[in-house]
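One structure is given here, and the rest of the page talks about it.
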Amino acid sequence: CPAPSALRTANGTRICAQLYTDNSPYYDQCCGGDVLVVEPGEDVPYMPLGWAARTSSLVVGTRCELTVWSRAGKKGKSRRF
């Protein structure tokens, strides 16, 4: 997985979080598969098409906070990373 401080786009813009579809019990094989990028200040009450219940690992950038909910539309239990 990338270091939280290394989350940047190709042009150097900061990224707040990256979510991944593949995971592994071996740390060096985590953070694989499809990647969903979360930009600073982004507010998404619904996961993009095809992403519901697929996230298996994530990295949150430094000085960022990611809140996720167990149900669509910001309902259900929440957790902050």
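The values are calculated or read from the model by the stated rules, or taken from the named source; none is laboratory data. Nothing here was measured: the structure is a model prediction, and the numbers come from that model. Please note: Cβ atoms are built from the backbone with ideal geometry, for glycine as well, and neighbour counts cover all protein chains shown. These area figures cover heavy atoms from the full protein model, side chains too; ligands, DNA and RNA do not enter into them. Shrake-Rupley method; radii C 1.70, N 1.55, O 1.52, S 1.80 Å.
Please determine, by comparing only the residues of the stretch 30-53 that are surrounded by 15 or more Cβ atoms within 10 Å (Cβ to Cβ) and more than 22 Å from Asn11 (Cα to Cα), which one is modelled with the highest pLDDT.
Step one: of the stretch 30-53, the residues surrounded by 15 or more Cβ atoms within 10 Å (Cβ to Cβ) are 30-31, 36, 38, 47.
From the residues that got through so far, the ones that are more than 22 Å from Asn11 (Cα to Cα) too are 30, 47.
Values: Cys30: 81, Met47: 86.
This residue is Met47.
For the stretch 44-67, give me each residue that is of a type outside the set (S, T, N, Q) and closer than 21 Å to Ser5 by Cα. Scanning the stretch 44-67 gives Leu58, Val59, Val60, Gly61, Arg63, Cys64, Glu65, Leu66. The strands (runs of 3 or more DSSP E) located wholly in the stretch 26-81 that include 1 or more residues which are within 12 Å of the chain's Cα centre (by Cα) and among the basic types (Lys, Arg) occupy 75-80. Only one entry in Ser57, Ser78 is hydroxyl-bearing (Ser, Thr, Tyr) and open to solvent by 70 Å² or more (accessible area, probe 1.4 Å), namely Ser78.
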